[in-house]
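Undergrad: Sharing a structure with you now.
The values are calculated or read from the model by the stated rules, or taken from the named source; none is laboratory data. Every value quoted in this text rests on a predicted model; they were computed, and no experiment measured them. Methodologically, a virtual Cβ is constructed for each residue, glycine included, from the backbone with ideal geometry; neighbour enumeration extends over all protein chains shown.
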Amino acid sequence: MKLVSTVVAVGLAATLMLTGCAGSGAPNSSGSGAALTIAKPDGAITTESHNPFLGDSSASKYSYGKVIFEPLALVNPTGDLNTTPWLAESVEWSDDYTQLVVVPRSGVNWSDGTEFTADDIVFTFDMYKSGTITDGAGLNVTDVTADGDTVTITFGNPKFTAQARVLHTPIVPKHIWADIADPNTDPLTDEGLVVGTGPYVLDNWSTESVTLKANPDYWGGELAVPTLNYVSYGDNAALTTALVSGDADWAQAFIPQIQDSYLAADEENHFLASPTSGAGTLFMNLQTKPFNNPALRQALAWTIDRQAYVDIAREGASSVIWSSTGLSTLLDDEILPEYKNENYSVDVDKARQVLTDAGYTWQSDKLIDPDGEPVSFSLSVPSGWSDWNTEQALIAEELKEGLGIDVKVDQPDWGGWDAARQEGTFQAIIHWLEDTGNAYGLYTSTMDPKWIVDNKAQFNFGRYNDPAVTEALNTYAATSSEADRAAALAVMQKAFVTDVPAIPLGSHPLLGEYNTRNYVGFPTTDDQYASADPTQPGVLQILTKLKPVN
Amino acid sequence: MNAIQTPLHTEDYDALEVGTTATTASKGSVRVPWRFLGGRALFYAFTLWAAVTINFLLPRLMKGDAVSAYLARNRNISPEAADGLRALLGLDTDKSLFQQYIDYWSLLVRGDLGVSLLHGLRPVTEVISQALPWTIGLVGFATIVSFAIGTIAGAIVGWRRGSRLDAIIPITTFLSTIPYFWLGLLAIALFSVNLRWFPIGKAYGVGWSPELSFEFIGQVIHHGFLPAMTIVIASLGGWVLGMRNMMLTVLDEDYITVAQAKGMTNRRVLWGYAARNAVLPQIQSFALSIGFIVGGTIVMEMVFSYPGVGKLLLDATNAKDYALMQGVFLVITLSVLVANILADVAYAFLDPRTRQTGA
């Protein structure tokens, strides 16, 4: 459908501009009392469940759960990658990141008037410990104790690489949740159960929209936006129409031709793509031909144009990754000094040299491997993932022209693609990375055998396995010594540079479209205190920072 | 009203053999055709069993698995938690396919369709019941309107063949060849974005809850007008064309000539004789289209952001949400079966020949 949407959005934009009627006067009331409508492109969300622990409850799909239930701290996935204590006055990790010491914020009340205390934090993490809540984030809580004003949470394994998962756990009120029989699945639809500390409280839920009102007693002070509406449109095209017409104010969708279809409609419309430490990455199957030869992988790294990925496939909504360590610029600090200037570029001569040195030849412009067989492979991305489908075509063209490799573009349905990546029957795929907010994310996703369980891979699809690297990955995640961590990082980077187990193309961005007709204070390119994505936990920071336009 | 040229039949034939005396035959004994009814009942029971079994098997033949689909949707959840998720979603059992099939039937009989993974683990019955009324209401209404207008228009156009009314055929056919999403987007661009007569989508306005008030009903009609109108426009052509073609065939029949020769009014010949016979295949098509009503029109739901079963089924399929898939398929199967039974009954009323199977 996304391909269709592209055509449609272009046509629609053209219609809008021809008639010159675009975005003139939002139907919403304007001024300081205006509501803010947050929209998603997921189709109607018709089943009511306010449970913040369930990935597919309406609260999670719309993400309004994030403004009702607050976490202990907010970890910025972009910008400075900093941690801001939120419902805690401070959060402190032990050296080996197996213990978290939390000082709960004082003077905070639940939205039903009960005081928020350390007990609520203990209760929330106790649910994970006792197993009443399925440990979806893999927290592995082993102990929670309150001592006066501090809470100490102990984990079964180090959390250095999963800090955000721990800190973003929504804190729920003990006095209500203690009586809920199955906190995993309870939809909280009975009267008076949706009680949080957050800036907004639930006002109205219907199959078409959800309305939240500002919490008058919010600890964070007065809120500029009195009403939040959450709406879900049928697809990206419908969402774009709503954003342009002013029916929706804030979204996180990938909009094709965004300049023409959205930004040009009104100068108050803004778009911010915040890079994260994750990346769209080309995974190759290292176990079979043709990618069991590192020379070919290296040659690909010298041939694939990352700028084209960002500019054409992602239409600017990403940032290039040229470093041979595979790390995005956001993680510059973690790149070893010796690799600081080791960047790939599009250099076909270099790629051909690498191949020639490894015994590859050419016959009438076709690349022949050392065994005398022509090199070809299929590159697989589910159909309908329009940005990566475009990248497939780009790579196929670049490799054919540059190296004489025949790339078959394969676009199966999601199920077929999913099975192939798990069982290792693919040749090459484009996939996302586990985002840990540091260099570990890339290296664990591409080189860590821990993801392969029962011969099914959740990451490391190429099935890279080097005991030294595995040990380094474990050390990086578990050590309490900064020096050990740096040494482990060096091992991983070296292996990644030499073996090229995968080729990151461009950073995975968090997207945000918003307008400044009624409110200002959203994150901008210069001030990325959070991403502009309203479905991220950082939405709390944005909502408390917004100011009415004068 | 005199556009009809009754063709001349010159060949000899036996009136009894052709069956023109059917009316007298039906005046015989009023015995209940048990064998016929039993046969139909058996047929429907078998169809139901086959359909339910296929509903069970098909999703399980598809590649991919529910937990990895869940992880791909919720990237804040660690793949390390896959085992925990399997337990949460009830997929950690090693039951054989046959055992699952038995369980499936025993739950089905109790009306328990399981919980939907895709919708916050709510019961499938609740998930479907939130979406189904909108689909039946809007698509059902639009289909009935389209069927009624199309059939009546087709009858009139067929009756007055050769007149200017024939232009309706290419026009409606053309409209139904426009890809639906394009028609919908044009309607939105014109009536919603530019003229601002109608909202750009959804079933009712932001901040409303369903209630029995004139204002709310007004909202629903206001929001539903564009989607319903575009469905009618897109599907009208088929009904008009089908009815008109049948009319042309029926008008050549001798009983029409006879009816006119007896001096009946054109109106009575048109509606009581010609249209009544020509409508029979239309009713069969209508019964078939009821299945599509319940299946929802997914493109409409996406273009107009309208709640409905179509998107539900698509998302369930992508997410390997077996329970929801089976639930939606079951509803579609049942409605097609019920529609066919109703069509059988309607046929029996409209066409005396089908009542004579016992003879």
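Undergrad: If you take the residues in segment A:407-434 that are crowded, with 19+ Cβ neighbours inside 10 Å and under 15 Å from the mean Cα position of the chain (by Cα), which one is nearest to the other protein chains (Cβ to nearest Cβ)?
TA: The extreme case among them is A:Glu434.
Undergrad: Across segment B:195-226, what is the total count of residues that are more than 25 Å from A:Lys40 (Cβ to Cβ) and within 8 Å of chain A (Cβ to nearest Cβ)?
TA: Number of matching residues: 0.
Undergrad: Exactly one of (1) in contact with a strand residue (DSSP E or B) (Cβ under 6 Å, 6 or more places away or on another chain); (2) within 14 Å of chain B (Cβ to nearest Cβ); (3) not hydrophobic (A, V, I, L, M, F, W, C) is unmet by A:Asp247. Its number?
TA: (1)
For every residue, the table says whether it meets (1) modelled with pLDDT of 90 or more; (2) within 14 Å of chain A (Cβ to nearest Cβ).
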{"residue": "B:Arg110", "(1), (2)": "no, no"}
{"residue": "B:Ala148", "(1), (2)": "yes, no"}
{"residue": "B:Gly154", "(1), (2)": "yes, no"}
{"residue": "B:Gly184", "(1), (2)": "no, yes"}
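Undergrad: Just one of A:Val108, A:Val194, A:Val102, A:Val172 is touching a His at 6+ places or on another chain (Cβ under 8 Å) and in contact (Cβ under 8 Å) with a residue 40 or more places away in the chain; which is it? Spell out how you get there, then give the answer.
TA: Details: A:Val108 fails: touching a His at 6+ places or on another chain (Cβ under 8 Å); A:Val102 fails: touching a His at 6+ places or on another chain (Cβ under 8 Å); A:Val172 fails: touching a His at 6+ places or on another chain (Cβ under 8 Å).
The conditions single out A:Val194.
Undergrad: Out of B:Met246, B:Met229, which single residue is touching a residue at least 40 places away in the same chain (Cβ under 8 Å), surrounded by fewer than 20 Cβ atoms within 10 Å (Cβ to Cβ) and either assigned to a helix (DSSP H, G or I) or within 14 Å of chain A (Cβ to nearest Cβ) (or both)?
TA: Details: B:Met246 fails: surrounded by fewer than 20 Cβ atoms within 10 Å (Cβ to Cβ).
Being touching a residue at least 40 places away in the same chain (Cβ under 8 Å), surrounded by fewer than 20 Cβ atoms within 10 Å (Cβ to Cβ) and either assigned to a helix (DSSP H, G or I) or within 14 Å of chain A (Cβ to nearest Cβ) (or both) holds for just one of B:Met246, B:Met229, which is B:Met229.
Undergrad: Could you figure out which of (1) at the interface with chain B (Cβ under 10 Å from one of its Cβ atoms); (2) at pLDDT below 50; (3) touching an Asp or Glu at 6+ places or on another chain (Cβ under 8 Å) isn't true of A:Leu12?
TA: (3)
Undergrad: Taking the options B:Ile332, B:Ile217, name whichever one is part of a helix (DSSP H, G or I), within 15 Å of the chain's Cα centre (by Cα) and under 30 Å from B:Glu126 (Cβ atoms).
TA: On the way: B:Ile217 fails: within 15 Å of the chain's Cα centre (by Cα).
Going through B:Ile332, B:Ile217 in turn, the sole match is B:Ile332.
Undergrad: So which of B:Leu183, B:Leu97, B:Leu175 is crowded, with 18+ Cβ neighbours inside 10 Å, of a type outside the set (Lys, Arg) and in contact (Cβ under 8 Å) with a residue 12 or more places away in the chain? First the steps, then the outcome.
TA: Working: B:Leu97 fails: crowded, with 18+ Cβ neighbours inside 10 Å; B:Leu175 fails: crowded, with 18+ Cβ neighbours inside 10 Å.
Checking each option against the conditions leaves just B:Leu183.
Undergrad: Which of (1) part of a helix (DSSP H, G or I); (2) within 14 Å of chain A (Cβ to nearest Cβ) is the odd one out, the single condition B:Tyr306 does not satisfy?
TA: B:Tyr306 satisfies every listed condition except (1).
Undergrad: Quick one: how many residues across segment B:74-108 are facing chain A (nearest Cβ under 10 Å) and either at pLDDT below 70 or out of contact with any helix residue (DSSP H, G or I) (no Cβ under 7 Å at 6 or more places or on another chain) (or both)?
TA: Matching residues across segment B:74-108 total 13.
Undergrad: Further, regarding this structure: Pick out, from segment A:59-106, the strands (runs of 3 or more DSSP E) lying fully within it that include 1 or more residues that are among the polar types (S, T, N, Q). Let's see the steps before the verdict.
TA: Values: elements: A:73-75, A:83-85, A:88-93, A:99-104.
The strands (runs of 3 or more DSSP E) meeting that bar are A:83-85, A:88-93, A:99-104.
Undergrad: Quick one: would you say A:Asp186 is acidic (Asp, Glu) and either within 13 Å of chain B (Cβ to nearest Cβ) or buried (at least 22 other Cβ atoms within 10 Å of the Cβ) (or both)?
TA: When the stated conditions are applied, A:Asp186 passes them.
Undergrad: What are the residue pairs meeting all of these: first residue in segment A:456-479, first residue part of a helix (DSSP H, G or I), second residue at pLDDT 95 or above and among the acidic types (Asp, Glu), Cβ atoms under 9 Å, and 6 or more apart or on different chains?
TA: Partner pairs satisfying both residue conditions: none exist.
Undergrad: Given the residues A:Phe426, A:Phe461, which is the only one that is in contact with a Phe, Trp or Tyr (Cβ under 6 Å, 6 or more places away or on another chain) and of a type outside the set (Gly, Ala, Ser)? It would help to see each step written out before you state the result.
TA: Numbers: A:Phe426 fails: in contact with a Phe, Trp or Tyr (Cβ under 6 Å, 6 or more places away or on another chain).
After ruling out the rest, the residue left standing is A:Phe461.
Undergrad: Would you point out the residue of segment A:135-146, among those that are at pLDDT 90 or above and closer than 21 Å to A:Trp86 by Cβ, that is farthest from the other protein chains (Cβ to nearest Cβ)? Can you show your working first?
TA: Kept after step one, since they are at pLDDT 90 or above, are these residues of segment A:135-146: A:141-146.
Subsequent filtering for residues that are closer than 21 Å to A:Trp86 by Cβ retains A:141, A:144, A:146.
Working: A:Val141: 13, A:Val144: 18, A:Ala146: 26 Å.
Looking at residues that are at pLDDT 90 or above and closer than 21 Å to A:Trp86 by Cβ, I get A:Ala146.
Undergrad: Among residues belonging to segment A:110-134 that are assigned to a loop (DSSP other than H, G, I, E, B) and farther than 18 Å from A:Ala88 by Cβ, point out the one that is modelled with the lowest pLDDT. Full working, then the answer.
TA: Keep residues of segment A:110-134 that are assigned to a loop (DSSP other than H, G, I, E, B), which gives A:110-114, A:116-117, A:131-134.
Next, from what is left, pick out any that are farther than 18 Å from A:Ala88 by Cβ: A:111-114, A:131-134.
Numbers: A:Ser111: 93, A:Asp112: 92, A:Gly113: 91, A:Thr114: 93, A:Gly131: 84, A:Thr132: 86, A:Ile133: 86, A:Thr134: 81.
Of everything passing the filter in segment A:110-134, A:Thr134 is modelled with the lowest pLDDT.
Undergrad: State whether the residues of segment A:109-124 include one that is polar (S, T, N, Q) and closer than 15 Å to A:Phe53 by Cα.
TA: yes
Undergrad: Of the residues A:Leu272, A:Leu167, which single one is over 30 Å from B:Lys311 (Cα atoms), buried (at least 20 other Cβ atoms within 10 Å of the Cβ), more than 11 Å from every other protein chain (Cβ to nearest Cβ) and out of contact with any helix residue (DSSP H, G or I) (no Cβ under 9 Å at 6 or more places or on another chain)?
TA: Details: A:Leu272 fails: over 30 Å from B:Lys311 (Cα atoms).
Only one candidate passes the filter, namely A:Leu167.
Undergrad: Residues A:Ser277, A:Ser245, A:Ser206, A:Ser261: which one is in contact with a Pro (Cβ under 7 Å, 6 or more places away or on another chain) and not β-branched (Val, Ile, Thr)?
TA: Values: A:Ser277 fails: in contact with a Pro (Cβ under 7 Å, 6 or more places away or on another chain); A:Ser245 fails: in contact with a Pro (Cβ under 7 Å, 6 or more places away or on another chain); A:Ser261 fails: in contact with a Pro (Cβ under 7 Å, 6 or more places away or on another chain).
Matching residue, one of A:Ser277, A:Ser245, A:Ser206, A:Ser261: A:Ser206.
Undergrad: Kindly indicate whether any position in segment A:31-51 is within 26 Å of A:Phe116 (Cα to Cα) and more than 10 Å from chain B (Cβ to nearest Cβ).
TA: No: segment A:31-51 contains no residue that is within 26 Å of A:Phe116 (Cα to Cα) and more than 10 Å from chain B (Cβ to nearest Cβ).
Undergrad: Mind checking which residues of segment B:112-146 are more than 27 Å from B:Phe225 (Cα to Cα), within 14 Å of chain A (Cβ to nearest Cβ) and not hydrophobic (A, V, I, L, M, F, W, C)?
TA: First, pick out the residues of segment B:112-146 that are more than 27 Å from B:Phe225 (Cα to Cα): B:112-125.
Add one more test, that the residue is within 14 Å of chain A (Cβ to nearest Cβ), and what stays is B:113-125.
Passing the criteria: B:Gly114, B:Ser116, B:His119, B:Gly120, B:Arg122, B:Pro123, B:Thr125.
Undergrad: Which one is surrounded by the fewest Cβ atoms within 10 Å (Cβ to Cβ), of the residues in segment A:385-405 that are over 19 Å from the mean Cα position of the chain (by Cα) and over 17 Å from A:Trp302 (Cα atoms)? It would help to see each step written out before you state the result.
TA: Filtering segment A:385-405 down to residues over 19 Å from the mean Cα position of the chain (by Cα) leaves A:389-405.
Next, only the ones that are over 17 Å from A:Trp302 (Cα atoms) stay: A:389-390, A:393.
On the way: A:Asn389: 18, A:Thr390: 20, A:Ala393: 14.
The selected residue is A:Ala393.
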